[in-house]
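This report concerns only the one structure given below.
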Amino acid sequence: MKKIWWKEAVGYQIYPRSFQDSNGDGIGDLQGIIQRLDYVKDLGIDVIWICPMYKSPNDDNGYDISDYKDIMDDFGTMADFDQLLEEVHKRGMKLIIDFVPNHTSDEHQWFIESRSSVDDPKRDWYIWREGKRNNHGKTVAEPNNWESIFGGSAWQYDEKTDQYYLHVFSTKQPDINWENPEARQAVYDAVNWWLDKGIDGFRIDAVSHIKKRPGFPDMPNPLKKKYVSSFDMHMNQEGIQPFLEEFKNETYGDGSRDVMTVGEANGVSIEEADLWVGEENGKMDMIFQFEHLGLWDAETNLELDIVELKKVLSRWQKGLENNGWNALFIENHDKPRVVSTWGDDHDYWYESATSMAAMYFLMQGTPFIYQGQEIGMTNVHFESIDDYDDVSAKNLYRIRSEEGLPHGDIMRILWASSRDNSRTPMQWSQEANAGFTTSSPWMKINPNYKEINVEDQLQDENSVLSFYKRMIKLKKDHDIFTYGAYELILPDHHQIFAYTRTLKKEQVVVLTNLSKKDAIMDHSDLSLSSENIILNNLPIEEHHEISTVVLKPYEARVYKLK
């Protein structure tokens, strides 16, 4: 297998608004990230991925960009970014940034011009359509029944021109018309502008949505709903590959730069993965796919189906074997905290945080850690919708209230599902405001920061943080955890996720109990001895070579077999 630096890297995702405030305004910023770079380096990180810090009205926390070539005032200046890039490189790390090619803010100059007149040269840079009309020619409804990912119609009416623009996400995030070559070229120009600055790559946001179904037909609507979930019309559509090929060729793939590209590719199946990340046919180095995160439903709140989780992740492991690469993750800025969903943040907080970590981190791929994951940060239970910031959470609350669902029931859904669960400020210490800011934070801090914080865990060799540091060092010390072949064992076991990694004559086995009960593993063809354990999250009772292992709730062990 070809050795490449980004295959051997460990990534760390930073959500800048919530990472560290440097100037006392309650909002995290670029100088705050600089202040914490030594912590990130000490953790063992090679690549930092920073969420959008571009100029933005901040309707969707920076993913609504009003200027691709400027910095949001809340976060600092371009000089601050230049310093951040320099300081990251000075520490031997690399920096990739979020890039958003599917949409801009409605306050971007491109869109301001586009909506000014139906005859404006940039009108076709966005997706404008006439609405449905009555017999008198009056506009009475949206062009189709597509529902926005954030709820409500995916179309916004513009009274001045009597037309609608498409927004797959927020109403303030109009979709760029990728069918227009001038619009595409303007996007490529912005990408190259950042590459010329010396950044080390991109996480490409919502890239699987850039192609829409031709004709914009209505969604099937057997339940006669006003708006219908429309993923099938704008996610990984036929015809997207020529766009991706051109995107690559015009920017990061021209052969002049050694950069890392990670696509957020919701809706891409393993059968299509070769076209996305294959070594010959791929358009980027790796993708974030979300099949595994879709196995847990916040509204039913049922326990994780471990057998199905194994099927999904193993399908991607084997599907990309020797032809492509996985981006490994269990948390990000769009998902609730894994220890509170897949795990147990009450009785088995430490155990489940570390067991889930070992399960995903030691597979084949480039692992990413989301800020706070490495200390086991948990979901929050804010009592009022006013304490939530996320536009999708507020839309859900409004829609469910209109449907008659009681406040308490809606809040329970948000406690389990809101994106704000992962966006509460980073918990650095027991100091006021968790050491994140010296003033009132932009979002409430999780009240458990006095029990869960970096400062305390740095001093505890048995903390979640210490386990992550040991795990990262193990991966870096042994090529087998990067290049070794993956093989699932015990595929039908309802508690244990176990697999081997094999590289030449070496072999290891990763055992994780992902349940709240003891799990028995009878596997006589594996030679397991306590002397060969190279990573564990719980004390091991002394045993000699055995064929039956009893794993305590959320216990994780890694054995060196040969």
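Brief remarks on what is shown
- Consider segment 356-395 and keep the residues that are charged (D, E, K, R) and open to solvent by 10 Å² or more (accessible area, probe 1.4 Å). The one that is nearest to F481 (Cα to Cα) is D389.
- All conditions in (1) open to solvent by less than 40 Å² (accessible area, probe 1.4 Å); (2) more than 21 Å from the chain's Cα centre (by Cα) hold for R213, with the sole exception of (1).
- Residue count for segment 432-450, restricted to those that are of a type outside the set (S, T, N, Q), without any contact (Cβ under 8 Å) to a residue 24 or more places away in the chain, open to solvent by 10 Å² or more (accessible area, probe 1.4 Å) and touching a Phe, Trp or Tyr at 6+ places or on another chain (Cβ under 9 Å): 3
- When the strands (runs of 3 or more DSSP E) confined to segment 488-554 are screened for residues that are modelled with pLDDT of 95 or more and open to solvent by 10 Å² or more (accessible area, probe 1.4 Å), those reaching at least 2 such residues are found at 496-503, 506-513, 533-536.
- Some residue of segment 33-40 being in contact with a strand residue (DSSP E or B) (Cβ under 7 Å, 6 or more places away or on another chain), at pLDDT 95 or above, surrounded by 24 or more Cβ atoms within 10 Å (Cβ to Cβ) and over 18 Å from D389 (Cα atoms): yes
- F202 fulfils the conditions (1) under 26 Å from V312 (Cα atoms); (2) open to solvent by 40 Å² or more (accessible area, probe 1.4 Å) except for a single criterion, (2).
- Of all the criteria given as (1) open to solvent by less than 20 Å² (accessible area, probe 1.4 Å); (2) assigned to a helix (DSSP H, G or I), the one not satisfied by I96 is (2).
- Residues of segment 99-116 that turn out to be polar (S, T, N, Q), under 18 Å from Y164 (Cβ atoms) and open to solvent by 10 Å² or more (accessible area, probe 1.4 Å), as a count: 1
- D21 being part of a loop (DSSP other than H, G, I, E, B), surrounded by 21 or more Cβ atoms within 10 Å (Cβ to Cβ) and over 19 Å from the mean Cα position of the chain (by Cα): yes
- The helices (runs of 4 or more DSSP H) found entirely in segment 217-327 that carry 1 or more residues being surrounded by fewer than 14 Cβ atoms within 10 Å (Cβ to Cβ) and within 22 Å of the chain's Cα centre (by Cα) are 306-319.
- Odd one out for G151, checked against (1) modelled with pLDDT of 95 or more; (2) surrounded by fewer than 21 Cβ atoms within 10 Å (Cβ to Cβ); (3) under 26 Å from P57 (Cβ atoms): (1)
- Enumeration of residues in segment 328-354 that are outside any helix (DSSP H, G or I), at pLDDT 95 or above and acidic (D, E): E331, D344, D345, D347
- Selection from segment 357-385 of residues that are more than 21 Å from Y449 (Cα to Cα) and not in a helix (DSSP H, G or I): L362, M363, Q364, G365, T366, P367, F368
- Scanning segment 456-478 for residues that are among the acidic types (D, E) and either within 15 Å of A556 (Cα to Cα) or surrounded by 16 or more Cβ atoms within 10 Å (Cβ to Cβ) (or both) gives a single hit, D456.
- On inspection, D409 passes the criterion of being more than 21 Å from the chain's Cα centre (by Cα), surrounded by fewer than 15 Cβ atoms within 10 Å (Cβ to Cβ) and under 20 Å from W296 (Cα atoms).
The values are calculated or read from the model by the stated rules, or taken from the named source; none is laboratory data. Note that the structure is a prediction, hence the values are computed from the model and not measured. Cβ sites come from the backbone with ideal geometry, for glycine too, and all protein chains shown count toward neighbours. To get the accessible areas, we keep the full protein, side chains included, count just its heavy atoms, and leave off ligands, DNA and RNA. Shrake-Rupley method; radii C 1.70, N 1.55, O 1.52, S 1.80 Å.
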